[in-house]
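Take a look at the structure set out below.
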Amino acid sequence: MENILVKISRKTFVRNVVIVASGTASAQVIMVVSSQFLTRIYGPEAFGMFGVYSSIIAILAPAVALTYPIAIVLPKSKETAMNLMRLSFYVTLLVALLLFSDLIASVFHLQEVAAFLYLLPFVIFFSGCLQIIENWLIRNNQYKVTARSIMGQTTIVQAGMVGVGLFNPMAAVLILFTSMNQVLRSFLMVTGAGYFRLGKLTAFLKQTNTQEMKRLAKKYYDFPAYRTPELLLNGFSQGFPVLMLSSFFSPVAAGFYAIGRIALDMPTHLIGKSVSDVFYPRITKGANNFEKITPILMKATAVMSVIGLLPFGLVILIGPWLFELVFGEGWAMAGEYAVWIAVWGWTRFLQGPSTSTLPVLSAQGFHLVFTICSLSVRISAMFAGYWLFGDDLIAVACFCLGGAVMNILLVFITWKRTRRFDTERNSLM
């Protein structure tokens, strides 16, 4: 047994996952500890407003650079990757300047957070910068920098929320510190990697080659054409329950859902994102080297499904009791929401490797179509629960069950596509 563990620990993939997960794990421990104070300092209504604002960021931020940063990992040439970074930076700047907060507030009837939406261009710009540097570090296997930056950013933000909240427990405090997340992590990543020098940044931008950026924009057109709308739709589907609960029920209902999502996102970020960050370049390398990628995908999915059973299964079994124990009296209803969020969360957890595999298969178009179908199923299910029963918990349950079914379907479809990919590659060899 000891020899097996030694062999596993020597594998580069496992070692990199552990490095990223260690930083994320430290951050999650900090969040768990701080949540003991936050849920006792701030009420469900404050968390509801905070959840609405966070949902808007979650919808817009992933697509701010039109997903060109994801392509930074793919090319073999370092110069090509750097030109993709420049392209991503200029696209991010343009999108941030074009963002109009008044429109967002009026469309979703979010007047209670309208004043804070003026921070969005600032937050969105740094979200794009964060994606650029994050994918550059992934490309160069600088996972230790990523781990340290996650831990540092989480410590500062959570300490600020608790410290200031003791004197002024308002939703504005949660929102303002949330707006600092991307700025802090970007700064910590850049400084940790040794890139924080004005001369380096100036030289980087001076080497801009407009013609080359145009060529790369066309070559990787499938990212803005397919992956960007897919992420926007997926982000909307993640934030939609909070927006709907706030609009049709109350900020308190939105707050219960928001704290449930925050708690259930912890295992997803702890292991899920760590595996995804390492798995994406691994399966890209495997495809470039004509390896069979189906076994790689199947092993990763199997591991994710087993690991996810413990945290999500525990919430499914004793969610209400657990939430009241951890977060304090009055949060049992959040645990009721969390039971259904956990069912959906487990399937999101295990479909992570499949999502990372689709760009390697050049299946961005399929992913977009599938996301549209999945979003339609989830929204229809939630509206059905609302219109038929008029109950917020039933509406959330319908939404989560619809999402779970679609996530499992995506896993099976991706497996089928990788088998076909491997067969076609073998026939050409």
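Each reported figure results from applying straightforward, stated rules to the coordinates on display, with no laboratory input. Model, not experiment: these values are computed from the prediction. Cβ atoms come from the backbone with ideal geometry, glycine included; neighbour counts cover every protein chain shown.
Any chance you could check the Cα centroid distance between region 373-429 and region 283-348 for me, in angstrom?
15
Pop out the ³J(HN,Hα) list for region 282-299 in order, Karplus 6.51 cos²θ - 1.76 cosθ + 1.60 with θ = phi - 60°, rounded to Hz; leave Gly and Pro as x.
Each residue's phi maps through the Karplus curve to give 5, 6, 5, 4, x, 5, 5, 9, 6, 7, 6, 8, 4, x, 5, 5, 5, 5 Hz.
Report the full-extension gain for the segment ARG215 to VAL369: residue separation times 0.36 nm, less the Cα-Cα distance, to one decimal in nm. Let's see the in-between values first.
Numbers: separation 154, 0.36 × 154 = 55.44 nm, distance 2.61 nm.
This chain segment gains 52.8 nm when fully extended.
Could you tell me whether region 370-429 comes out rounded, prolate or oblate from its Cα gyration tensor? Rule is a ≥ b ≥ c as square roots of the eigenvalues, rounded for a/c under 1.5, then prolate if a/b exceeds b/c, otherwise oblate. Could the numbers behind the result be given before it?
Values: a/c = 7.75, a/b = 4.35, b/c = 1.78.
Prolate, since a/c reaches 1.5 and a/b exceeds b/c.
Under a point-charge model restricted to the Cβ atoms of Lys and Arg (+1) and Asp and Glu (-1), what is the dipole moment magnitude of region 9-428 relative to its Cα centre, in debye to the nearest 20? Mind dumping the intermediate values first?
Values: 32 positive and 18 negative charges, 465 e Å.
Charge dipole, region 9-428, about its Cα centre: 2240 debye, nearest 20.
Looking at region 9-428, how many pairs of lysines come closer than 20 Å at the Cα, when each pair is eight or more places apart or spans two chains?
24
Would you give the gap between the C-alpha center of region 35-66 and the C-alpha center of region 152-173, rounded to a whole Å?
13
Karplus couplings for region 91-97 from phi (6.51 cos²θ - 1.76 cosθ + 1.60, θ = phi - 60°), rounded to Hz, Gly and Pro as x?
5, 4, 4, 5, 5, 4, 6
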